[in-house]
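The values are calculated or read from the model by the stated rules, or taken from the named source; none is laboratory data. Remember, it's a predicted structure, so these values are computed and weren't measured experimentally. Cβ placement follows ideal geometry from the backbone for every residue including glycine, while neighbour counts extend to all protein chains displayed.
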Amino acid sequence: MKQGVKIALLGFGTVGQGTVELLTKNLDVIQNRISVPVIVDKIYVRNPDKYSHVALPATAAFVTDYKEILQDSSIDIVVEVMGGTTFARTCIEEAIIAGKHVVTANKDLLAEAGPYLMELATKHHVDLRFEASVAGAIPIIRALYDSFGSNQITEIMGILNGTTNFILSKMSEDGLGYEEVLKEAQDLGYAEADPTSDVEGYDAARKLAILGSIAFNKRIFFEDVSCEGITQIDASDIQFGKEFGYTIKLLGIARETKKGLSLNVHPAFIANTHPLASVRGSFNAVFLRGNGFDEAMFYGRGAGSLPTGSSIVSDVMEVARNVVQGKTGEMKQFYYPQKTMYSSSKIESAYYIRMTVDNSTGVLAKVATKLAEQRISAHSVIQRKADNDTATLAIITSKCPHAYIQNLIDSFNHLRVVREVGSVIRIMVE
Ligand code: HSE
């Protein structure tokens, strides 16, 4: 029987350090649970001097050539925590080909090449695990392929990005505007100096692609997810939403219906009573529906050193158990033959529309006529005087396909009494 399982790290930033910290802090617990110790051996970094202040386990040493790890036959598992898609992909592919098991947190790479890497791992009889790539500490990937493996998953609805949830929560709680809160989030270190990936929804879309491919057994990549971010959300939308009984969230939604699969990231209003409405600040949550378990929700930290390290170490432990029991490389492929995708323009939803109109007689009737022409009914309307000449209308519509709403907005834009359509936001109703 093996006396220990040796791991090497590629990268030693926040997540790598959290991984080593957890392995050190919970050494005994981990060893008791998997019967052998996990030994941290080589750590690949470009410049070891940068980490001279960090205490390493006695077994660990920095290397500046990643090939030293690949050529060391005593290393069982390579933990990739560098990020990026080019060099990281080269390292992972070479590690797999060298017969190493791989644990990675790299969502960008998995959303670009996950299915290919899985196939490569299967071909070389090694394990590839990536729990930390989606929603940090939340064990959602294992839940989908293992705990809920007996179910057909019909819907995933997730708050998959902590930065945007922090921004929207703060806008909602403090009544502040987007730009102001973004700046505060950057000053506090929650949002990056270039926040594009988070605020445009790309980060959430990558995570949704990974979840969707496991839940629906289809090769799904980042470009399969249609994506809208939060940059257009105005403080007044959040205020009107409150009056209608809604909370705003950036949601990643993946559904499998008889018509096909749909994957979308966009801001949406949800009822204040929905379990996701209570997820505040930088936390993540994933709400699932399945044909056996019905509904389930997972909540936790989506990022950070120890929370992300927690998922990485749990993957390392799963692989280490397989190594000890001689059962590596046995995970079945997730992907079946192609399934059809369902165009996001056909997806039905209720909508919130905010617009600035002339403050004069007959305007509401003209707006109502355009709604009727598109066979869309208005469920609720709030009208507020904006200034002497204009008023703001906030309308909640009945459910209709996105294409109908686009036609409606076009027709509003051709009405002389409509000064501007400010916001169009989906509403998630049962
Ligand atoms: N930037 C991400 C977030 C964390 O804000 O949730 C890493 O995926």
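Here are a few things to note about the model shown:
- Within region 271-314, tally of residues that are farther than 21 Å from residue 164 by Cβ, within 16 Å of the ligand (Cβ to nearest atom) and crowded, with 20+ Cβ neighbours inside 10 Å: 3
- Qualifying residue in region 145-161 (condition: of a type in the set (D, E, K, R) and over 18 Å from the mean Cα position of the chain (by Cα)): yes
- Qualifying residue in region 230-238 (condition: surrounded by 16 or more Cβ atoms within 10 Å (Cβ to Cβ), under 15 Å from the mean Cα position of the chain (by Cα) and in a loop (DSSP other than H, G, I, E, B)): yes
- Condition broken by residue 405, with the remaining ones in (1) at positive phi; (2) surrounded by 15 or more Cβ atoms within 10 Å (Cβ to Cβ) satisfied: (1)
- Subset of region 167-190 [among the hydrophobic types (A, V, I, L, M, F, W, C) and either touching a Ser or Thr at 6+ places or on another chain (Cβ under 6 Å) or modelled with pLDDT of 95 or more (or both)]: 167, 168, 171, 176, 181, 182
- The numbered conditions (1) aliphatic (A, V, I, L, M); (2) more than 16 Å from the ligand (Cβ to nearest atom); (3) part of a helix (DSSP H, G or I) are all true for residue 171 except (2).
- Check on residue 94, over 27 Å from residue 303 (Cβ atoms), acidic (Asp, Glu) and either out of contact with any strand residue (DSSP E or B) (no Cβ under 7 Å at 6 or more places or on another chain) or at pLDDT below 95 (or both): yes
- Meets criteria (free of Cβ contacts under 8 Å to residues at least 24 places away in the same chain and either surrounded by fewer than 18 Cβ atoms within 10 Å (Cβ to Cβ) or in a helix (DSSP H, G or I) (or both)) for residue 317: no
- The sole residue among 190, 178, 202 that is more than 15 Å from the ligand (Cβ to nearest atom) and among the aromatic types (Phe, Trp, Tyr) is 178.
- Strands (runs of 3 or more DSSP E) wholly inside region 31-127 containing at least 3 residues that are touching a residue at least 40 places away in the same chain (Cβ under 8 Å): 77-80
- Close contacts from region 324-353, counting a first residue that is free of Cβ contacts under 8 Å to residues at least 60 places away in the same chain and a second that is assigned to a strand (DSSP E or B) and surrounded by 13 or more Cβ atoms within 10 Å (Cβ to Cβ), with Cβ to Cβ under 7 Å and a gap of 6+ residues or different chains, come to 348/400; 348/401.
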